[in-house]
Amino acid sequence: MSSGSKLSTAMAGVAAAVVGTTAFVGLPAQQTQELTAASLRGSQASQSSISGSASSSSVGVAVAGAAAAVLFAGRRSTRSSVVPCRVGYDASNEIGACDPLLFWDPIGFCESGTKEDFDRRRAVELKHGRLCMFASIGMLWPDVFGKFDGYLSPSQGLKFADVPSGIYAVSKVPLEGWLQILLVAGLIETQLFKDQSFGGPGFAKYGAEPGNFGTGYWGRRIADPEERRLKLTTELNNGRLAMIAMAGLLIQNGLTGQS
């Protein structure tokens, strides 16, 4: 039984006790006093007895009405406090739930999310993983294989060798260079890959399989479902590792200056 129902039952019991006390205990004492008064004052005492009985009955009716109102309000509040529970999308069988953690959702994103919410997060995870895989190579390439020859910006006399590795390159590259990079990246996503996952919830489109732009695996279509699932799982795990690795590389580069 809920706390609201217990409170309502208790209030109704108290009200009933008060009414019963007024109706069955108070009246004999009043009648004894009224009989004594009647022997002394006659008909005037009888009239006061009748009025006293009427007032006691009025009090009893009022208390009973208040108890009924409290009981009704308690039941109404108990019914209105019931909140429907929404079950989230079960993503335990999706690609990426593998050993050793299997389905791992420590923050609880999938507890109340829908299939569309999962598709959006999967598309974001894949894009971040792919970008970090390229970024990890870009962080290591200049120190391992060297930098390009020539000028990055001939008008400003800036050579590739003058650009430091890591996050310090952000301030060295001219604004026009960053605009060119963003323009090329945007054309690749919107025109070459036809990516429609822009605009966020309610506007973006993720298709039947988020992150699949129809390019295949190095241009090859994988017909075997088991092989295809293995390749997609490998890409997802490599992207997750690259995101962690890129975070470590950036922290190290920011603290020590080494890439």
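The values are calculated or read from the model by the stated rules, or taken from the named source; none is laboratory data. Note that this is a predicted model, so its numbers are computed, not measured. Heads up, the Cβs are rebuilt from the backbone with ideal geometry, glycines too, and the neighbour counts pull from every protein chain shown. What goes into the accessible areas is simple: the full protein's heavy atoms, side chains included, and nothing from ligands, DNA or RNA. Shrake-Rupley method; radii C 1.70, N 1.55, O 1.52, S 1.80 Å.
Annotation: Arg228 carries an accessible surface of approximately 80 Å², with a 1.4 Å probe and no ligand, DNA or RNA atoms counted. Across the stretch 118-124, computed HN-Hα scalar couplings (Karplus, 6.51 cos²θ - 1.76 cosθ + 1.60, θ = phi - 60°) run 5, 4, 5, 5, 5, 5, 5 Hz from first to last residue, x flagging Gly and Pro. Residue-wise HN-Hα couplings along the stretch 133-150, as the Karplus relation 6.51 cos²θ - 1.76 cosθ + 1.60 with θ = phi - 60° gives them from phi, are 5, 5, 5, 5, 5, x, 5, 8, 4, x, 7, 8, 10, x, 9, 5, 7, x Hz; Gly and Pro carry x.
Take the stretch 135-236 with all the other protein chains still there, run a 1.4 Å probe, and you get 74 Å² of accessible area per residue.
Annotation: extensible slack from Glu116 through Trp218 equals 33.9 nm (criterion: 0.36 nm per residue apart, minus Cα-Cα distance). Dipole size of the stretch 133-259 about its Cα centre, with +1 on Lys/Arg Cβ and -1 on Asp/Glu Cβ: approximately 140 debye, rounded to the nearest 20.
Stretching Asp99 away from Arg229 to a fully extended chain increases their span by 45.4 nm, per 0.36 nm per residue minus the current alpha-carbon distance. A probe of 1.4 angstrom, applied to the heavy atoms of all protein chains, finds Lys115 with accessible area near 80 square angstrom.
Less than 5 angstrom separates the built amide H of Leu152 from those of Leu158, Lys159, Phe160, all sequence-distant by 5 or more or on a different chain. The label-point distance for Asp149 and Phe198, in a model that sets each label 7 Å from Cα toward Cβ, rounds to 3.9 nm.
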